[in-house]
1. Can you tell me which residues in the stretch A:127-156 are of a type in the set (A, V, I, L, M) and either within 10 Å of chain B (Cβ to nearest Cβ) or within 22 Å of B:P113 (Cα to Cα) (or both)?
2. Take B:D7 and decide whether it is assigned to a loop (DSSP other than H, G, I, E, B) and touching a residue at least 40 places away in the same chain (Cβ under 8 Å).
3. Looking at (1) within 14 Å of chain B (Cβ to nearest Cβ); (2) touching an Asp or Glu at 6+ places or on another chain (Cβ under 9 Å), which one does A:R64 not meet, given that it meets all the others?
4. From the list B:A71, B:A99, which residue is more than 12 Å from chain A (Cβ to nearest Cβ), surrounded by fewer than 23 Cβ atoms within 10 Å (Cβ to Cβ), over 30 Å from A:S37 (Cβ atoms) and at pLDDT 95 or above?
5. Quick one: which strands (runs of 3 or more DSSP E) sit completely within the stretch A:36-89 and have at least 2 residues that are of a type in the set (S, T, Y)?
6. Would you confirm whether or not the stretch B:29-49 contains a residue that is on the phi > 0 side of the Ramachandran plot and either touching a residue at least 24 places away in the same chain (Cβ under 8 Å) or in a strand (DSSP E or B) (or both)?
7. Return the total of residues in the stretch B:102-124 being part of a loop (DSSP other than H, G, I, E, B) and crowded, with 17+ Cβ neighbours inside 10 Å.
8. Working only within the stretch A:22-53, note down all residues that are more than 14 Å from chain B (Cβ to nearest Cβ) and either aromatic (F, W, Y) or within 14 Å of the chain's Cα centre (by Cα) (or both).
Amino acid sequence: MAWELVSGGSLNSPTAGVFDFASLTLTGYEAIQIRMSGVTVTTDGTDVFIRFYVGGSEISTGYRWLQGALSTSAAVNTDSSASATGILLNSNDAAWDTGNAATESFGCTITVPNPVSTALHKRAFGEAWMIAPSGNALTQHVAGIMENTGAINGLIVRGSSNLVAGKVRVLGLAP
Amino acid sequence: VAWTLVDSLSSPTAGAFTFPSLTLSSYSTVQIVITGVTVTTDGTDIALTFYVGGVEITATYRWGQASGSSAAATNADGDVSDPSILLTSNDPNWDVGNASGEGFGAIVTVDEPTSTALYKKAGYVSVFTGPTGTMIEALGIGIMENTGAINGLKVAGTSSLTAGKVRILGWA
């Protein structure tokens, strides 16, 4: 059993402001891991969030998410939503999101177990790291669910402003 | 795309794990896996620094961490102007103990280590035994406010590190 790159699961830059994996074959994977690095954003205080595809369609309702965050200023923050349009990988509070200065960026490692189950709602959890508009770095423990029992066959990484650069890899845990 | 071993040390030298020359240009992410580290003095901080241009950078770091202990206590700490990224706390009660059986481990993830545009982010989870024998988990973040490409790193303590292993993995 090992992590392997999912076919078509690598993008070295966004297109039209998003990282869109509209068609992934995930059958056979017990879990997938989404790794983002060096993601930069257009607008100060941008939310980064993910959505999944089911049956070839991007699902934009039926998500819940939560996060607990810590800043290099030693401040802490928590936030959540029980009815969202995606799984936020930061907060709804712009001060706890990603800054747009030339040196500021976002990264994360998110694990999604049982991506092709047709019985379970889909869970996602992991750690995200970013530099906020204040210049402080943030670590955020994030988790979310898509309340949908359909098999995931794609995902998209979006921002509340356009994503400008970065890399996204999708790995699968093969039996 | 796969994790590959970049470099490895199975014991400290002169009280620290020093990798003064790493070639990281082909990796989008680097993971530093630290295991079984023991320390000389009770309440030792563990700190990470990077090398840029062959020189250890000892300024312009920020870090923050939130800890929970097996005694059901919590702690948060941070610094916006520091000579390193702490992988523990500034409070000795939330640092690494030196009794037999006590030790430190962590996984640190560094995004885009050789970018010449971005500050360098290092997210981590560390697990260790504190001076009072409680187990501590710290979730933290650090940045080096330097846009130079990283070509080395050092794991050191406020007292000499006496044993342990450090592995550097790269995600190609």
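1. Listed by number, the residues that qualify are A:A128, A:M130, A:I131, A:A132, A:A137, A:L138.
2. Judged against the criteria, B:D7 is not a match.
3. (1)
4. B:A99
5. Ranges flagged: A:63-71, A:76-84.
6. yes
7. 8
8. A:Y29, A:T46, A:D47, A:F49, A:I50, A:R51, A:F52, A:Y53
The values are calculated or read from the model by the stated rules, or taken from the named source; none is laboratory data. Everything quoted here is computed from the prediction, not taken from an experiment. Neighbour counts run over all protein chains shown; Cβ positions are idealised from the backbone, glycine included.
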